[in-house]
Structure formats: C-alpha cells, structure tokens
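> Below you will find the structure I want to go over with you.
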Amino acid sequence: MRCAPARSVATTDLVTRPEAGSCREGPRVRGLRGSGTRRPAWTRLAICLFGSAVLFGGVADPAIAASTRPWVGGLSVGDDTSTMPAPAPSTFTTLAKSAPSPNPRRVVQLWRVRVADDGQFDRVVFDERFASAGYSVRYLRRVTADPSGLPVAVQGKYFLQVVLRETSTRAAAGDRTFIVPVVTPNLRVVRQIKKTGEFEAVVSFAVGLNAHKGFRVIRLVNPYRLVLDVHH
C-alpha cells in the first residue's frame, strides 16, 4: 500500500512537524534553535513571556511602572508605599528636621509626589532623580510663597513646610516630570499639598494638616526618594 505524502504542520516553537498518520517525515524548518529536538515546556514558556514583555513595552522600570497607578492631578493617591524598604527606627516628633544634600554640586530633579494612608500614618513621597536633595521640614504658623513672601491659602488647621534644595521640577532631556501646583487627598491627617515656590534651585511645598501631629523624614535611595510620614 502506498503512503500519502506528508504535510508539514507548524508548531508553536517555530518548527514544522509531519501531520499525524503520514508515513514519512516532512522537511524540518529550523527557527530559534539549531537542533530538531523539542524544547522543554518551561523553556518555551520563558520564551513566550519574554517575547510578550518585548512586544508590549519591554521590561518595566519599577519607578516608571508606579506612575501608571491612579492619579489625582500630578500626585498619585493610594500608591502602595508600604513596599518600600523598612527604614531605620525614627521617632515621630513635632520638631523641625533638616539635612544637607550629600551631593551639593548635583541638581536633583523632583519628578513626582505621591501620598497615601499607610495605616498608622499618612505618607508623602517626593520622588527624585540623579541624587538626593537637601531638605528641611518644619511647622509654620503662616504659609507664604517663595520668593515673593505673599500669603498662600492652604486647606488645613496646621501647616508643614517642606523645602528641597539643589532641586528642580523642570523636565530634563528624556525625563518627564509630573508635578502640579495643588492636590487635595483629604486623608486622615494630610488635607492638602500645595507647591509654594521654586526659585534658585529651591522648591517649596506646604502640607496642610487636620491636626498637629508628630512627623518623621526618611531619605531613601535606589531609587532616590524623600519620605515624609505624619502620624495619625
């Protein structure tokens, strides 16, 4: 009895194989591999996952991926800031806190501000690029604009001033920023955050609070961030 000619059937790993029931093997077409043996299932799965990542945007930078979360104005509300590395023990106090820039000759790009309720405190995260900024955080009786000194209306009963030095919110080549003048998250303590000035590499914000609470400031790297936690 004469066998019917084999027809080649394409497989998912880019190698053609004979159709079931044929008497002879059809020509093999080599694709991604150099031999005719079939790859293990885990290898083919890894190739598919990697290919999908390349086709749909490549391997995501965690900092960029975070920017796709829900936004209110230029600040994202409700980001999972709890995934950040655990900071060294720090006491919540109402005293002013400050630190110089570790790289005073480098201008820091402040590109995003995030805010979230982390359970025991409200957390405001200032996302930076290129280096860590020098900072000062303190309570104010009256909020004013920098450099004019004119009064600025901010929602809240108490006010924290956050000043970042050697810092700019302007976009660098290929690096966008997402900063808006004001956002009102209305969290348990943090009522409103308003940009109050940017002059001679000094960027200022006022954080309006519903109560006079202790706070702490944490500087983090990889990526660069300045974290303000206000206790509930």
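Read the figures in this text as sums done on the coordinates, not as results from a lab. Everything numeric here is computed off the predicted structure, so don't read it as measured data. With ideal geometry, Cβ positions are generated from the backbone for all residues, glycine too; neighbour counts draw on all protein chains shown.
> From the backbone phi of the stretch 190-198, what are the Karplus-calculated ³J(HN,Hα) couplings (6.51 cos²θ - 1.76 cosθ + 1.60, θ = phi - 60°) in whole Hz, Gly and Pro given as x?
6, 8, 8, 10, 9, 6, 10, x, 8
> If r is the Cβ-Cβ distance from Arg141 to Gln120 and R0 is 35 Å, what FRET efficiency results, to the nearest 0.05?
That gives a FRET efficiency of 0.85.
> Looking at the stretch 114-218, which GluC sites (Glu not before Pro) are DSSP coil and have at most 11 other C-beta atoms within 10 Å of their C-beta?
Passing sites in the stretch 114-218 are Glu200.
> Determine, for each peptide in 218-225, 155-162, 114-121, 92-99, the mean count of other beta carbons within 10 angstrom over its residues, then list the peptides with the highest first.
155-162, 114-121, 218-225, 92-99
> Taking 0.36 nm per residue of separation and subtracting the Cα-Cα distance, what length does fully extending Ala211 through Thr94 add?
Once the chain is fully extended between Ala211 and Thr94, it gains 41.0 nm.
> R0 = 45 Å: FRET efficiency of Asn103 with Lys157, Cβ-based, nearest 0.05?
0.75
> Once label points are set 7 Å from the Cα along Cα→Cβ at both Ser148 and Arg176, what is their separation, rounded to one decimal in nm?
A separation of 2.9 nm, rounded to one decimal place.
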